[in-house]
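Accompanying notes for the structure given below.
The values are calculated or read from the model by the stated rules, or taken from the named source; none is laboratory data. What you see is a predicted model, and the numbers here were worked out from it, not measured in a lab. Cβ placement follows ideal geometry from the backbone for every residue including glycine, while neighbour counts extend to all protein chains displayed. Accessible surface is based on the protein model in full, side chains and every heavy atom, while ligands, DNA and RNA are left aside. Shrake-Rupley method; radii C 1.70, N 1.55, O 1.52, S 1.80 Å.
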Amino acid sequence: MKLSDVQKRLQAPFPAHMVAWKPAAYSRDRSRALMLAHIDARAVQDRLDAICPDAWTFEIEVIPGTRQPTVKGRLTVLGVTREDIGEAPEGDLGTLKAASSDALKRCAVHFGIGRYLYDLPRTWADWDDAARRPTQTPELPDWARPDHERTPGGAHLMQAMEQLRYELPEDLDLQREVYKHLKAALGSLHPAPPQPTPQHPTPQHPGRAA
């Protein structure tokens, strides 16, 4: 198997629930935020494990003398190697582990993994600055979703199946959430049959008297 044989599978969009959003800029009053879509390092690892589980490796080299933890990542997939720099964010999350995750994601982009997210249109959303999150999660366009999510009910079904991946949650609220998604998915996949159109009799015109 060669890299060219799996290129399309590597580049395929991720399920919408695996795509997270983070603010990149704010309006002056911080009531709006420019949101950027991203995936985490685990999603990259899962994609590689699903496609070529025994044919990829990742190594890092710590870069000394930087203000934030910084590493050079080296990702090899089916004998092809790509390198990139990973940096840790500011604050408490500024660790070598965070820098390594950033390097893995950046290297993966060179193989097309998650690269489509850079093509998304600029997305501004209403921002709750106290809660540090958007008031409503942005929606991905259809072209940025996998094929099975472009059909009615697909996104609901995938989210419900992800929650049922290991076991039914014990929490009643989560059970209701799973039921809601399954009901929405099944309702979309098996819509009610159309009601027959009532047939009106053709009006009869009285014949002329003989």
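Details
- Accessible surface of region 3-139 [probe 1.4 Å, protein heavy atoms]: carbon and sulfur percent: 48 percent
- The residues of region 3-139 expose on average 59 square angstrom of accessible surface per residue, using a 1.4 Å probe on protein heavy atoms.
- If R0 equals 25 Å, the separation of the Cβ atoms of Arg132 and Asp5 corresponds to a calculated FRET efficiency of about 0.05.
- Gyration tensor verdict on region 3-139 (Cα atoms; rounded if a/c is under 1.5, prolate if a/b is larger than b/c, oblate otherwise): oblate
- Were the residues from Asp46 through Thr95 laid out at 0.36 nm apart, the gain over their Cα-Cα distance would be 15.4 nm.
- Summarising the amide proton neighbourhood of Leu36: residues at separation of 5 or more, or on other chains, whose placed amide H is nearer than 5 Å comprise Lys22, Ala24.
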